[in-house]
Amino acid sequence: MAGRIGRPAVAGSPVRFSLSHGEGVALLGFAGTPIGVDIEKPPAQDALSHLVPCLHERERAELAALPAGERPPTFTACWARKEAHIKGLGIDLARGPHLDYVGAGGEAAALTDWTLTDVAAPDGFFAACAVRDENP
């Protein structure tokens, strides 16, 4: 499968799944429609200047309006939402994560044909799940 883009699947099964892991934690999602999950740990404050340009212009504006100390966790919640949605779409980051607005505020943005939600995660982590609506 090297070089292929798409959602993971079990041949002959209607169940779709997604996996995210790192730093001793994992998140798995299962659904009857395409699904994407992501779990992330906030980056260092000084790394944000390199990462924020990858966000949608509205997300960048939402982050800029926050005090500096609130930006790393807010960025991470936004990035987890973004990665979950991208995984659900079955594409990779080369498409441009700045193209879709998922929200950098307290709640995930409403997406056409998708349900995007924040997911409970261990302290110090942020997680999200994106599930394509049954009848888009």
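The values are calculated or read from the model by the stated rules, or taken from the named source; none is laboratory data. Remember, it's a predicted structure, so these values are computed and weren't measured experimentally. Keep in mind that these areas ignore ligands, DNA and RNA; they rest on the heavy atoms of the full protein, side chains included. Shrake-Rupley method; radii C 1.70, N 1.55, O 1.52, S 1.80 Å.
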Practice task
At 4 °C and 1.567 mPa s, grab the translational diffusion coefficient of the chain from Stokes-Einstein with a Kirkwood Rh over Cα pairs, rounded to a whole number in µm² per second.
Solution key: 85
Handout entry: Per residue accessible area in Å² of segment 44-136, where ligands, DNA and RNA are left out and the probe is 1.4 Å
Key = 52
Practice task
Note down, for segment 63-136, the three equivalent ellipsoid semi-axes (square root of 5 times each alpha carbon gyration tensor eigenvalue), biggest first, whole angstrom.
Solution key: 22, 14, 12
Completion exercise
Note, segment 16-32: 3J(HN,Hα) by Karplus (6.51, -1.76, 1.60, θ = phi - 60°), whole Hz, Gly/Pro = x, goes 9, 8, 8, 9, 9, 7, x, 6, x, 10, 9, 9, 10, x, 10, 7, x
Practice task
Output ³J(HN,Hα) for segment 115-126: one whole-Hz value per residue in order, computed from phi by the Karplus curve 6.51 cos²θ - 1.76 cosθ + 1.60 with θ = phi - 60°, and x for Gly and Pro.
Solution key: 10, 10, 9, 7, 10, 4, 9, x, 3, x, 10, 10
Problem - Highest-MSF residue in the chain out of GLU40, GLU59, GLU23 [GNM, Cα springs under 10 Å] - result: GLU23
Handout entry: Using alpha-carbon coordinates, inclination of helix 71-89 to the longest axis of the chain, degrees
Key = 20
Fill in the blank from the handout: Taking N as the residue count of segment 71-113, its alpha carbon Rg divided by 2.2 N^0.38 Å gives 1.10
Handout entry: Highest-MSF residue in the chain out of PRO67, PRO97, PRO53 [GNM, Cα springs under 10 Å]
Key = PRO67
Exercise for the section: Could you list which residues have their amide H under 5 Å from that of LEU111, counting only those 5 or more apart in sequence or on another chain, with H placed in the peptide plane? Expected result: LEU116
Fill in the blank from the handout: A correct Karplus calculation of ³J(HN,Hα) over segment 42-56, with 6.51 cos²θ - 1.76 cosθ + 1.60, θ = phi - 60°, whole Hz and x for Gly and Pro, returns x, x, 5, 3, 6, 7, 4, 4, 8, 9, 4, x, 6, 8, 4
Problem - Overall Cα dimensions of segment 4-84 - principal axes, largest extent first, Å - result: 49, 29, 22
